[in-house]
Amino acid sequence: MTYSAFNSAAQPAAEALIADLFALGGIGYVALGAGPEVLMRAAPGLETTTTERSNFFEELLVNPTLLTLAGQRGRLDCGGLHHIAVGYGDFTEVILSMKDGHVSLGVARKADAREVAKQAHAVLERHGRAVGSHEARLLA
């Protein structure tokens, strides 16, 4: 299992993706998850009560599971899954699938989660990491 601390070094492509997601504005936290690998970044000066360890396990276990469950439902007859927004105490976590994993964005509770997801999807498209909402994963 790869444990990645906040602000640990990453591949240039991941760093560029993270920088472009933060550039959207209003993003306090970005995490990329791909299987057992988790890369997490917090905006400078972010004050939070969550711990690095709990964030790691959220990205490793919780968010991929939520995407799998909601994605399965979305593919039945809802046109696919666009994003998931989870409202925690002081923030909203916006989660999107991406090729080979997922991206999580922590935003202020007052942020429009749908707009954040739309903008993040556009960033993923520019980086060649977007997954279409209707794209099915077939068993081989």
**Message:** Could you go through region 76-83 and let me know if any residue there is free of Cβ contacts under 8 Å to residues at least 12 places away in the same chain and not in a helix (DSSP H, G or I).
**Reply:** yes
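What number of residues within region 14-30 satisfy the criterion of being touching a Phe, Trp or Tyr at 6+ places or on another chain (Cβ under 9 Å) and aliphatic (A, V, I, L, M)? If you could, list the steps in order and put the result at the bottom.
So the first thing to find is which residues in region 14-30 are touching a Phe, Trp or Tyr at 6+ places or on another chain (Cβ under 9 Å), and the list is 28-30.
From what is left, the residues that are aliphatic (A, V, I, L, M) are 30.
Selection size over region 14-30: 1.
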**Request:** Please specify each residue of region 84-116 satisfying the condition of being of a type in the set (Gly, Ala, Ser) and assigned to a strand (DSSP E or B).
**Result:** Ala85, Gly87, Ser97, Gly101, Ser104, Gly106, Ala108
**Asked** Residues of region 99-113 being more than 8 Å from the chain's Cα centre (by Cα) and within 20 Å of Gln72 (Cα to Cα), which ones?
**Response** Lys99, Asp100, Gly101
**Message:** Residue under question is Val38, and the condition is that it be in contact with a strand residue (DSSP E or B) (Cβ under 7 Å, 6 or more places away or on another chain), over 18 Å from Ala122 (Cα atoms) and not in a helix (DSSP H, G or I); does it hold?
**Reply:** yes
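Scan region 45-58 residue by residue and report those that are in a helix (DSSP H, G or I) and either modelled with pLDDT of 95 or more or under 12 Å from Tyr88 (Cβ atoms) (or both). Outline the logic, then answer.
Just the residues of region 45-58 that are in a helix (DSSP H, G or I), to begin with: 52-58.
Scanning region 45-58 gives Ser54, Asn55, Glu58.
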**Message:** For region 24-45, which positions are closer than 20 Å to Ala85 by Cα and out of contact with any helix residue (DSSP H, G or I) (no Cβ under 8 Å at 6 or more places or on another chain)?
**Reply:** Gly25, Gly28, Ala34, Ala42
**Asked** Looking at (1) exposed (fewer than 13 other Cβ atoms within 10 Å of the Cβ); (2) of a type outside the set (Ser, Thr, Tyr); (3) in contact with a Leu (Cβ under 9 Å, 6 or more places away or on another chain); (4) over 19 Å from Arg129 (Cβ atoms), can you tell me which one Gly28 breaks?
**Response** (1)
**Item:** For Val38: the one exception among (1) among the β-branched types (Val, Ile, Thr); (2) surrounded by 20 or more Cβ atoms within 10 Å (Cβ to Cβ); (3) farther than 19 Å from Ala130 by Cα
**Value:** (3)
**Flag if Ala70 is without any contact (Cβ under 8 Å) to a residue 40 or more places away in the chain and buried (at least 17 other Cβ atoms within 10 Å of the Cβ)** = yes
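The values are calculated or read from the model by the stated rules, or taken from the named source; none is laboratory data. Since we're looking at a predicted model, the values are computed, not measured. All Cβ positions, even for glycine, are placed from backbone atoms using ideal geometry, and neighbour counts span all protein chains on display.
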